[in-house]
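Where a number appears in this text, it was derived from the coordinates with a stated rule and is not lab data. All values reported here derive from a predicted model rather than from experimental measurement. Note that we place each Cβ from the backbone using ideal geometry, even for glycine, and neighbour counts take in every protein chain shown.
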Amino acid sequence: MRIGIPKEIKTGENRVALTPAGVMELRARGHEVYVTRGAGVASGFGDAQYLHAGAHLLESVANVYEAAELIIKVKEPQVQEYALLTNRHCLFTYLHLAASRSLTDALLASGASCIAYETLTDASGRLPLLAPMSEIAGRMAVQAGAHHLEAAQGGKGVLLGGIPGVAPANVLILGGGVVGANAAAMAVGLGAQVRVLDKSILRLRHLDDLWRGRVICEYAVQERVNDYARSADLVIGSVLNTGASAPKLITRELIQQMEPGSVLVDVAIDQGGCFETSRPTTHQDPTYREENIIHYCVANIPSAVGRTATLGLTNATLTYVLRLADEGLACLKTDPGFRAGLNIHAGQLTHQGVADSFGISAKDPLTLF
């Protein structure tokens, strides 16, 4: 199969979809790989490494789309890429369609088969391709929050861990999944007072067993969210409804009641955000102040550590990329977890969570093959 790895063109995106080592695995199976020149430079992988791995280097993103059948990416296609996708393409990337009707419509019109990393599941129902980026995002959310609590960044001037005689900061984490668990670990490591709210008793039990009271784990009812948000120095939103829009857990009215200079980090911004006042930001301009509260809503947090993120992403995706390259879409027919990643096929929406976000219907993908 002809596999394409275009350079990412989303603002501030430093990752590349596959390392040279991943390319070498594909070449060993007889597949052709086309890479845009400079695609891996920002994550520390030069063109010479891709050439050594057996890739063909092409001059432009458009050239890669033209040469390849299977397109492997990190982020969703940008507007200037919409016209490059056709019905002969299979696209494998993070899509987050629920956050963008225009992207969804463009991919439907292209006729391409579009598989989303973030909705693919394993045999246990977990999200194996979302996990490594969620681990990074959770850890970096605390780093970003601690930095923007500094007075020089417009924050309230609070040190996350405090000092002897001065209380540590209050950190509220909404959602105890992979992002939330990693955020809790980082916040505890920095000495903060940490509270996690989640609706899964199993997740709360796991975190409670792990931290033995060092992290306060409570069931997430709105009354508790409201109470704890008012006094929090840092709130990290890490809720996830697979494929669907994130719920708005903190309203503008509640944000108005928070202490000035507090920080909100919305890791759910890819799915529309879980704070009413959230809107996407970039690494170049990561924050804004609204209702006197600092908002950090970067939509591709892991790209700040592009090398670590690219290595972690390739570790997670390579098995699936190899299956797609070897078997094509036929591998989805016998693997329901892999099939759960299919969001669009032959001009039809095939993921119910995405469809629910737009109030439209989804087709069973098995009826379309």
How would you classify the stretch 131-299 from its alpha-carbon gyration tensor, with a ≥ b ≥ c the square roots of the eigenvalues: rounded for a/c under 1.5, else prolate if a/b is greater than b/c, otherwise oblate? rounded
If you take every DSSP beta bridge whose two residues both sit in the chain, what share of them, in percent to the nearest 5, is antiparallel? 20
Net charge of Cβ neighbours under 15 Å - reference residue 323; Lys, Arg +1; Asp, Glu -1: -3
To the nearest 10 degrees, the tilt of helix 222-231 (Cα long axis) against the first principal axis of the alpha carbons of the chain is 70
Over all viewing directions the Cα convex hull of the chain casts an average projected area in nm² of 18.3
5 Å is the cut-off here: which amide hydrogens, built 1.01 Å from N in the peptide plane, fall below it relative to residue 344, excluding neighbours closer than 5 in sequence? 114, 350
For the chain, whose charge dipole is built from +1 on Lys and Arg Cβ atoms and -1 on Asp and Glu Cβ atoms, the candidate among 358, 131, 104 with its Cα farthest towards the positive end is 131
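Go through 199/248; 7/75; 248/363; 156/199 and tell me which ones have a Cα-Cα distance over 21 Å in this structure.
Going by Cα-Cα distance, 248/363; 156/199 fall outside the 21 Å limit.
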Show me the GluC sites (Glu not before Pro) within the stretch 1-71 that DSSP assigns to loop and that have at most 10 other Cβ atoms within 10 Å of their Cβ. 59
Overall form of the stretch 224-369 per C-alpha gyration tensor (a/c, 1.5; a/b vs b/c): prolate
Please list, in chain and number order, the residues 5+ apart from residue 290 or on another chain whose amide H is under 5 Å from its amide H, with Hs placed from the backbone. 295
Spatial separation of Cα centroids for the stretch 30-99 and the stretch 190-234, in angstrom: 40
